[in-house]
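One structure below.
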Amino acid sequence: MLDDARIAALVKEKNIDILVDLNGATLGGRVGILALRPCSIQVTYLAFPGTSGAPFIDYIIADHVTAPLGSEGEFSEKIIRLPNCYQCNDSFEEFSVEETSREKHGLPNGAFVYCSFNNSFKITPDIFDIWMRLLRNDDNSVLWLFADNQVAVKNLRLEAEKRDVGSGRLIFADRIPRPQHLERHRHADLFLDTIYCNAHTTASDALRTGLPIVTCRSESFAGRVCASILTSAGLQDLVASDLAEYEALAAKIARDPEKLSALRKRVASGVRNGPLFDPALYTKNLEDAFVHILKDQSRIAFSPQ
């Protein structure tokens, strides 16, 4: 593998106009290349949901929800706000796999199934408190979680018991191939998002399968991504402004089968007809942003129309 200095030299040799970092401060990231300033315009994008804090990165690609007007002080970069969700997705396609049953996944027939397939490290005590209250308020409900690791599974079961919820009402989903993972979403009724670090790709996966999501907008980029995704799908009413509203909204949906049925139809329509799964539109908006960057001498924030 080439070291940072050699890659930086190659960037200079190739006369790159805009250097885009797709990793940021993530495992295996190569931000050291950008620190050598091999390109006059450097951008951070996609993988790391937040500012780099680095003086050598000029722009961050975001949108009006993840980086709302007035949040400029939270970023060391100038903000490029795409007109829809900053997250790129492929086109909507039906996934074709063998259909399964609830029984296959250990889910009870007739129960209301809340789910959250986010990584377990995103689950904080305050959001877990809400989930347990939702379960206590409806004896015929379960919570379906991702079995991130066995330590997390054990601890979450213990925490449920501490909150007077039988540990058997937490059901854990193992890692399986993506097509099968998408298919099993069909057995859930409502996706409950984590707050301080939202569902990102996980949220897009849920919507793709027609599964409604309830989220809460928080104060960081990472805590506003699901709100951005839902907004691009025309589902802004599923974005709560605080935890009390989040809990009330989830409970209201769970108590009203007609509302849930109508909501599923809105999810399907928003996914099929909205911009979230329109890669051609997304590509155009991103290209427009890059063209602007090339012309921008003042490094001003950009919001393409």
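The values are calculated or read from the model by the stated rules, or taken from the named source; none is laboratory data. The structure presented is a predicted model; accordingly, all values stated were derived computationally and were not measured. No Cβ is skipped: glycine too gets one built from the backbone with ideal geometry, and neighbour counts run over all protein chains shown.
Among the conditions (1) charged (D, E, K, R); (2) modelled with pLDDT of 95 or more; (3) within 23 Å of A227 (Cβ to Cβ); (4) part of a loop (DSSP other than H, G, I, E, B), the only one that D90 does not satisfy is (2). The strands (runs of 3 or more DSSP E) found wholly in the stretch 1-84 include none carrying at least 3 residues that are more than 23 Å from the chain's Cα centre (by Cα) and not charged (D, E, K, R). For the stretch 72-84, residues that are closer than 21 Å to D296 by Cα and surrounded by fewer than 20 Cβ atoms within 10 Å (Cβ to Cβ) total 5.
Flag not set for N140, criterion: exposed (fewer than 13 other Cβ atoms within 10 Å of the Cβ), farther than 18 Å from A203 by Cα and at pLDDT below 95.
Where helices (runs of 4 or more DSSP H) sit wholly within the stretch 150-254, those with at least 3 residues that are assigned by TED's automatic domain parsing to the domain that holds I130 and in contact (Cβ under 8 Å) with a residue 60 or more places away in the chain occupy 178-184, 201-208, 225-232. Each residue in the stretch 32-51 was checked for being farther than 25 Å from N84 by Cα and buried (at least 19 other Cβ atoms within 10 Å of the Cβ), and 4 pass. Residues of the stretch 222-247 that are exposed (fewer than 13 other Cβ atoms within 10 Å of the Cβ) and small (G, A, S): S241, A244. Kindly provide the set of residues from the stretch 119-128 that are over 12 Å from L192 (Cβ atoms) and in a helix (DSSP H, G or I), ordered by number. Selection gives S120, F121, P125, D126. Would you check if there is a residue in the stretch 12-19 being in contact with a Pro (Cβ under 7 Å, 6 or more places away or on another chain) and over 28 Å from I195 (Cα atoms)? Yes, the stretch 12-19 contains a residue that is in contact with a Pro (Cβ under 7 Å, 6 or more places away or on another chain) and over 28 Å from I195 (Cα atoms).
Let's see how each residue does on (1) buried (at least 16 other Cβ atoms within 10 Å of the Cβ); (2) without any contact (Cβ under 8 Å) to a residue 12 or more places away in the chain; (3) out of contact with any strand residue (DSSP E or B) (no Cβ under 6 Å at 6 or more places or on another chain); (4) within 24 Å of L281 (Cα to Cα):
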{"position": "E13", "(1), (2), (3), (4)": "no, yes, yes, no"}
{"position": "D21", "(1), (2), (3), (4)": "yes, no, no, yes"}
{"position": "R30", "(1), (2), (3), (4)": "yes, no, yes, no"}
{"position": "G53", "(1), (2), (3), (4)": "no, no, yes, no"}
{"position": "D58", "(1), (2), (3), (4)": "yes, no, no, no"}
{"position": "G70", "(1), (2), (3), (4)": "no, yes, yes, no"}
{"position": "Y86", "(1), (2), (3), (4)": "yes, no, no, yes"}
{"position": "G110", "(1), (2), (3), (4)": "no, no, yes, no"}
